[in-house]
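Trainee: One structure is given below, represented as structure tokens, and several questions about it will come after.
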Amino acid sequence: DRADIAVAIQDQEARELLGRTRARVASLPFDDDTLEAEAPALRRADYLHPEKVTFGCLGSAHTYNLHGMQAVLRALEPRIAASFAPVDIALAGTASEALETRLPVRRLGRVPTEAGFYAQCDIALAPTFDGTGFKIKVGDCLALGMPSLVARHSAIGTGLRGAAVVDTAEEMAEAMVQIALRRPALSSLR
């Protein structure tokens with residue numbers, strides 16, 4: 001109530017703030033013109049490789065990012081061993097060095113641009129199953145038009161639903177295996 005204006009980055013947060021304060025409330029949704037300018041190159045209709053599906057996760061070594069992706073990797077290991085699904089995983093950002101797995105993942109560390117990283121991937125992952133705030137990586141993927149597989153928690157405020165959204169790390173791992181085996185149209189995850 002000491003503020004003149006309370007700023008929210010999700011309409012849902014703005015509605016909640018309206019009921020809690022006498023201050024004016026403004027909703028400023030996420031928007032990045034630079035990302036949107038790079039998007040056309042990522043709006044391809046087919047997979048990059050005929051023999052595998054590349055899933056990419058770009059994130060900082062933030063606790064919620066690490067916890068979520070680590071859980072997905074753990075759930076993925078036995079599924080790939082049982083199915084031989086052609087899952088390829090690219091990890092970027094500071095999280096890439098902190099994650100542990102027996103899977104052959106590509107650890108790219110810091111990357112010059114998000115669009116450059118996602119150009120190497122068929123499907124972006126956002127495995128943040130808990131935490132707070134708007135998940136910028138999901139907003140970036142939406143702005144880029146990247147096919148994505150995201151945790152329901154990561155999708156808050158985006159309107160994403162259907163095949164692109166999962167509830168648990170196990171569901172994400174299973175979806176990755178099924179996508180790699182069946183290769184559905186990328187548009188179903190965009």
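The values are calculated or read from the model by the stated rules, or taken from the named source; none is laboratory data. On a predicted model such as this, the values are computed, not experimentally measured, just so you know. Reconstructed Cβ throughout: ideal geometry from the backbone, glycine too, with neighbour counts over all protein chains shown. Accessible surface areas use protein heavy atoms only, side chains included; no ligands, DNA or RNA. Shrake-Rupley method; radii C 1.70, N 1.55, O 1.52, S 1.80 Å.
Trainee: Among [x] 17.4, 58; [y] 42.5, 153; [z] 22.5, 92, which one is Rg and Dmax of the Cα atoms in Å computed from these coordinates?
Mentor: Only one listed value fits the structure, namely [x].
Trainee: Calculate what fraction, in whole %, of the accessible area of segment 91-178 sits on carbon and sulfur atoms when a 1.4 Å probe is rolled over the protein chains.
Mentor: The computed percentage sits at 53.
Trainee: Shifting gears a bit: Go ahead and set up a Gaussian network model of the chain, Cα springs under 10 Å, then flag whichever of Thr54, Thr113, Thr168 fluctuates most.
Mentor: Thr113
Trainee: Let me ask something additional. Ignoring ligands, DNA and RNA, what accessible area per residue does the chain give at 1.4 Å, in Å²?
Mentor: About 52 Å² of surface per residue is accessible.
Trainee: Note down the nm distance, to one decimal, between modelled labels 7 Å out along Cα→Cβ at Arg2 and at His62.
Mentor: Placing both labels 7 Å along Cα→Cβ, they lie 2.6 nm apart.
Trainee: Report the extension gain between Leu18 and Arg43 in nm, rounded to one decimal, defined as 0.36 nm multiplied by the number of residues separating them, less their alpha carbon distance.
Mentor: 5.2 nm
Trainee: Count charges around Val166 for me, please; just the other residues with Cβ under 10 Å from its Cβ, Lys/Arg as +1, Asp/Glu as -1.
Mentor: -3
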